[in-house]
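Single-structure report; data block below.
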Amino acid sequence: MCFDISWLPKHKMLCIDMKSFYASCECVDHGLNPLEDYVVVVSDKNRSGSVVLAASPKMKQDYGIRTGSRLYEVPCRRHIHIFNARMKRYLEISVQITQLFSTFVPFEAILTYSVDESWLTLDGTEKLHGSPVEADQKIRSAIWNQFGLPSCVGIGPSFISKVVLDVYAKKQGIAECTYEEVPKKLWPVPLREIWGIGSRMEKHLNNMGMYTLGDVANSSLDRLRKRFGVIGEQLYYHAWGIDLSPPFIDARTFPQKSIGKGITLLRDYWRENEILTVVLELCEEVAKRAREIRKVGRTVSFSVRYSHNEGGFHQSVTLDAATNLTMDIYRVCKRIFHKFYDGRSVRVIHVALENLSDEASLQLSLFEDRTKERALAKAMDAIRDKFGPNALLRAVSYTPGSVARVRNGYIGGHQA
């Protein structure tokens, strides 16, 4: 099938990525050169198995150390600098960079994808900043001059900008792709390098005889739709560079559908009381977040993954009445746990409250008055908000299996 690209929207979009963002921030703060010095950022440099969260370009190039490597893989060399992550600092700089973007385009034309990556839609800014390439040069120069941080950019009319960023721009600094250039530039690319295609999807596609983006584009839409449903249809059109999502998005118009919290444990947990301690602490966090935004949920989802990729279990339970109370959520999770747990060591736990509605929609029960419970929960929230999350903890959070006291000092699961 061939598409008439004349009817497709011709947006001018930049996908900007801050190169080795955490490592580059540490370089700037410690008087090092982000592009020339050897820097590694880890979650905890006191643990040899600590995960590498970022590595400078030189570390990647000369030593093969990159995100996901382990600290024990980093060579012991005098010129290699190792820093603990400082998430609060990185978030501060990320916000400042977004503020810089807003001097080039309207705020609604900025889509923050992650702490170090954003989309900017340049439609209508030609008289101010010139072509997308000229605008990119101005923006990247401003980032470098103001923050001393290197960046790279992909340019395209749609999500193509993200794909071309990952495939080309992260190596050469800047790359551009139009609809007409998709077959030449993107079709030869292996599926594993395409944004949005994970390892499981890649395996499914390989089993169908597809190994590159071009294989998907030249496959049958009906075949992909039959196998993957809507996802297959989206995948097919994306292979042709087609994405009709609106470039200007106001996140406030999208209602929150769920509130979840998960943890990858630092060690294997196999004692039931320790596992359930972590489950209770996760339920506490989920319930507090629900109360903060004045939401209640009717569905509780709970999942566990065993160590060494040995599987796990997941189940969702819908309640008779919506709730945002910790013990309501915990009782459901505990029931699921006892139903499926087979004694193997646990490494990942996740709790979610779904099917949300406004707290004001709660109906009073003729048989049970829970006003005092809700008032007590909100009083506890107020104490934690004022004096810190560790100011008021359950007794189990002082037992050996607890993770709450340590995690409460983290941002994004890492040291603040």
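The values are calculated or read from the model by the stated rules, or taken from the named source; none is laboratory data. Since the structure is predicted, the reported quantities are computational estimates derived from the model, not experimental observations. Virtual Cβ from ideal backbone geometry, glycine too; neighbours counted across all protein chains shown. Surface areas here come from the heavy atoms of the whole protein model, side chains and all, with no ligands, DNA or RNA. Shrake-Rupley method; radii C 1.70, N 1.55, O 1.52, S 1.80 Å.
Only one of (1) out of contact with any strand residue (DSSP E or B) (no Cβ under 8 Å at 6 or more places or on another chain); (2) in contact (Cβ under 8 Å) with a residue 12 or more places away in the chain; (3) open to solvent by less than 50 Å² (accessible area, probe 1.4 Å) is not met by residue 189, so which one is it?
Going through the list (1) out of contact with any strand residue (DSSP E or B) (no Cβ under 8 Å at 6 or more places or on another chain); (2) in contact (Cβ under 8 Å) with a residue 12 or more places away in the chain; (3) open to solvent by less than 50 Å² (accessible area, probe 1.4 Å), residue 189 breaks only (1).
Considering only helices (runs of 4 or more DSSP H) fully contained in the stretch 150-246, which possess at least 3 residues that are of a type outside the set (Lys, Arg)?
160-164, 199-207, 213-217, 221-228, 230-239
Going by the conditions given, is residue 240 at pLDDT below 95, under 22 Å from residue 177 (Cβ atoms) and surrounded by 12 or more Cβ atoms within 10 Å (Cβ to Cβ)?
Judged against the criteria, residue 240 is a match.
Every residue, every condition in (1) open to solvent by less than 20 Å² (accessible area, probe 1.4 Å); (2) within 16 Å of residue 260 (Cβ to Cβ); (3) hydrophobic (A, V, I, L, M, F, W, C), yes or no:
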{"site": "288", "(1), (2), (3)": "no, yes, no"}
{"site": "298", "(1), (2), (3)": "no, yes, no"}
{"site": "303", "(1), (2), (3)": "no, yes, no"}
{"site": "306", "(1), (2), (3)": "yes, no, no"}
{"site": "313", "(1), (2), (3)": "no, no, yes"}
{"site": "321", "(1), (2), (3)": "no, no, yes"}
{"site": "324", "(1), (2), (3)": "yes, yes, no"}
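When only residues in the stretch 329-344 that are touching a residue at least 40 places away in the same chain (Cβ under 8 Å) and more than 26 Å from the chain's Cα centre (by Cα) count, which is least open to solvent (accessible area, probe 1.4 Å)?
Taking the stretch 329-344 and keeping what is touching a residue at least 40 places away in the same chain (Cβ under 8 Å), we get 329-330, 333-334, 337, 341, 343-344.
Among the residues that remain, those that are also more than 26 Å from the chain's Cα centre (by Cα) are: 334, 337, 341, 343-344.
Numbers: 334: 78, 337: 1, 341: 32, 343: 46, 344: 88 Å².
So the residue we want is 337.
For the stretch 77-86, does any single residue satisfy the condition of being among the aliphatic types (A, V, I, L, M) and at pLDDT below 95?
Of all residues in the stretch 77-86, those among the aliphatic types (A, V, I, L, M) come to 80, 82, 85.
Subsequent filtering for residues that are at pLDDT below 95 retains 85.
Yes, that holds for at least one residue.
If only one of 385, 381, 369 is open to solvent by less than 80 Å² (accessible area, probe 1.4 Å) and either assigned to a helix (DSSP H, G or I) or at pLDDT below 80 (or both), which one is it? Full working, then the answer.
Details: 385 fails: open to solvent by less than 80 Å² (accessible area, probe 1.4 Å); 369 fails: open to solvent by less than 80 Å² (accessible area, probe 1.4 Å).
Only one candidate passes the filter, namely 381.
So that you can scan it fast, the table gives a plain yes or no per residue for (1) more than 12 Å from residue 16 (Cα to Cα); (2) open to solvent by 20 Å² or more (accessible area, probe 1.4 Å):
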{"position": "139", "(1), (2)": "no, no"}
{"position": "145", "(1), (2)": "yes, yes"}
{"position": "151", "(1), (2)": "no, no"}
{"position": "154", "(1), (2)": "no, no"}
{"position": "165", "(1), (2)": "no, no"}
{"position": "175", "(1), (2)": "no, no"}
{"position": "179", "(1), (2)": "yes, no"}
{"position": "183", "(1), (2)": "yes, yes"}
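Pairs under 6 Å by beta carbon, first residue over 12 Å from residue 277 (Cα atoms) in the stretch 388-399, partner charged (D, E, K, R), six or more apart or different chains?
390/405; 391/384; 392/384
Could you tell me whether residue 83 is touching a residue at least 24 places away in the same chain (Cβ under 8 Å) and within 27 Å of residue 137 (Cβ to Cβ)? Outline the logic, then answer.
On the way: touching a residue at least 24 places away in the same chain (Cβ under 8 Å): yes; within 27 Å of residue 137 (Cβ to Cβ): no.
It is false that residue 83 is touching a residue at least 24 places away in the same chain (Cβ under 8 Å) and within 27 Å of residue 137 (Cβ to Cβ).
Got a sec? Which helices (runs of 4 or more DSSP H) wholly within the stretch 1-118 have at least 3 residues that are surrounded by fewer than 15 Cβ atoms within 10 Å (Cβ to Cβ)? Full working, then the answer.
Details: elements: 21-29, 57-63, 87-101.
Counting at least 3 such residues, we get 87-101.
Does residue 334 satisfy the condition of being modelled with pLDDT of 95 or more, of a type outside the set (Ser, Thr, Tyr) and in a helix (DSSP H, G or I)?
On the way: modelled with pLDDT of 95 or more: yes; of a type outside the set (Ser, Thr, Tyr): yes; in a helix (DSSP H, G or I): yes.
Here the answer is yes, as residue 334 does meet what is asked.
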